[in-house]
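Here is the structure we will look at, set down as structure tokens.
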Amino acid sequence: MLVLVAALLLLGIALGAVAQLPVPVSLAAGSVIGVWLLIFAARERHARRTR
């Protein structure tokens, strides 16, 4: 339960920080994070298949 509360607190802080940024900067940062996650997922899937 404590982990859930901490995660929600960090999410609130992150969303509060994004609300202060201009929309294009937020979209660019979100796009970079999304591409990074896609690359990470592809690398993990490839590594799992080659074992």
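If you go through the stretch 40-51 and keep only what is of a type outside the set (Ser, Thr, Tyr) and part of a helix (DSSP H, G or I), you end up with Phe40, Ala41, Ala42, Arg43, Glu44, Arg45, His46, Ala47, Arg48, Arg49.
From the list Leu37, Leu27, Leu15, Leu11, the one residue that fits, being surrounded by fewer than 10 Cβ atoms within 10 Å (Cβ to Cβ) and either of a type in the set (Gly, Ala, Ser) or assigned to a helix (DSSP H, G or I) (or both), is Leu15.
All of the numbers you see were taken from the coordinates with simple rules; none came from a lab. Everything quoted here is computed from the prediction, not taken from an experiment. Every residue, glycine among them, receives a Cβ derived from its backbone with ideal geometry; neighbour counts consider all protein chains shown.
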